[in-house]
Amino acid sequence: MTIEILVNTTSIHTLDISVAKAAIAPLLSDRDTLLANEQQLTFAIDYPREDTDPRELSEIPEIRLWFIRLDTMYPWLPFILDWKAGELARYTAMLVPHQFHRTDGIQYNPESLEIFVMHKTLTLINWMQEQGIERRSRLKAMTQMLGYELDDGFFDLIEA
């Protein structure tokens with residue numbers, strides 16, 4: 001069951017993440033609910049722009065700031081984002097410097113992306129361990145979506 005969070009202009013301009021909190025809170029009730037909603041979260045962003053504004057949503061500072069605030073509250077959010085619908089890539093674009101090319105798509109700053117991937121991986125390792133959720137295969141899949149391969153040795157090092 002897909003969970004869609006509608007983010008409107010007012011929420012963005014006031015940095016109000018209550019709509020996200022309301023949607024996410026029930027998912028945290030227990031481990032089974034959390035697992036049942038893995039990779040089910042999407043965002044619908046209602047942010048009117050001028051017809052002449054060529055920017056993608058992830059290039060608008062106000063929207064990025066809203067997502068930065070959300071990320072500070074839920075640093076493990078990639079776990080429930082709908083990766084297949086492109087939410088992981090879009091979420092990453094909200095938090096990582098990038099350029100958008102009409103033909104090549106999103107081109108992340110490589111160093112920033114590497115820091116982001118490692119930060120999210122380490123955050124999720126700890127959070128998933130607390131939740132009693134298997135980590136390795138899920139995190140390997142997530143990082144592969146962003147162009148990175150994690151070796152088992154990395155996990156062995158962290159879990160030692």
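The values are calculated or read from the model by the stated rules, or taken from the named source; none is laboratory data. The shown structure was predicted, so the numbers you read here are calculated from the model rather than taken from an experiment. A quick note on method: Cβ atoms are made from the backbone with ideal geometry, for glycine too, and the neighbour counts reach across all protein chains shown. Remember, those area values only see protein heavy atoms, side chains included, never the ligands or the DNA or RNA. Shrake-Rupley method; radii C 1.70, N 1.55, O 1.52, S 1.80 Å.
Data overview
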quantity: Unmet requirement for Met1, which otherwise passes all of (1) within 14 Å of the chain's Cα centre (by Cα); (2) open to solvent by 80 Å² or more (accessible area, probe 1.4 Å); calculated: (1)
quantity: Residues located in the stretch 125-137, provided they are open to solvent by less than 70 Å² (accessible area, probe 1.4 Å) and assigned to a loop (DSSP other than H, G, I, E, B); calculated: Gly132, Ile133, Arg135
quantity: Hits in the stretch 83-97 - residues which are assigned to a helix (DSSP H, G or I) and small (Gly, Ala, Ser); calculated: Ala85, Ala89, Ala93
quantity: Lone unmet requirement of (1) assigned to a loop (DSSP other than H, G, I, E, B); (2) of a type outside the set (Lys, Arg); (3) open to solvent by 10 Å² or more (accessible area, probe 1.4 Å); (4) touching a residue at least 12 places away in the same chain (Cβ under 8 Å) for Leu122; calculated: (1)
quantity: Cβ-Cβ under 7 Å pairs, at least 6 apart or on other chains, the stretch 100-119 side over 16 Å from Thr143 (Cβ atoms), far side surrounded by 11 or more Cβ atoms within 10 Å (Cβ to Cβ) and among the aromatic types (Phe, Trp, Tyr); calculated: Ile106/Phe100
quantity: Residues being farther than 14 Å from Leu57 by Cβ and hydrophobic (A, V, I, L, M, F, W, C) - total across the stretch 71-95; calculated: 9
quantity: Tally, over the stretch 54-111, of residues that are surrounded by 14 or more Cβ atoms within 10 Å (Cβ to Cβ), basic (Lys, Arg) and under 18 Å from Thr2 (Cβ atoms); calculated: 1
quantity: Within the stretch 138-151, considering residues that are assigned to a helix (DSSP H, G or I) and open to solvent by 70 Å² or more (accessible area, probe 1.4 Å), the one farthest from Ile80 (Cα to Cα); calculated: Gln144
quantity: Any hit, the stretch 63-82, residues being of a type in the set (Asp, Glu), over 20 Å from Lys21 (Cβ atoms) and under 15 Å from the mean Cα position of the chain (by Cα); calculated: no
quantity: Number of the exception - Lys120 against (1) touching a Pro at 6+ places or on another chain (Cβ under 8 Å); (2) under 14 Å from Ala20 (Cβ atoms); calculated: (2)
quantity: Some residue of the stretch 30-38 being at pLDDT 95 or above, in a helix (DSSP H, G or I), touching a Pro at 6+ places or on another chain (Cβ under 8 Å) and hydroxyl-bearing (Ser, Thr, Tyr); calculated: no
quantity: Check on Ser11, in a helix (DSSP H, G or I), open to solvent by less than 40 Å² (accessible area, probe 1.4 Å), at pLDDT below 95 and touching a Phe, Trp or Tyr at 6+ places or on another chain (Cβ under 9 Å); calculated: no
quantity: Filter result (under 15 Å from Met73 (Cβ atoms), open to solvent by 40 Å² or more (accessible area, probe 1.4 Å) and either among the polar types (S, T, N, Q) or not in a loop (DSSP other than H, G, I, E, B) (or both)) within the stretch 15-29; calculated: Ser18, Val19, Lys21, Ala22, Ala25, Leu28
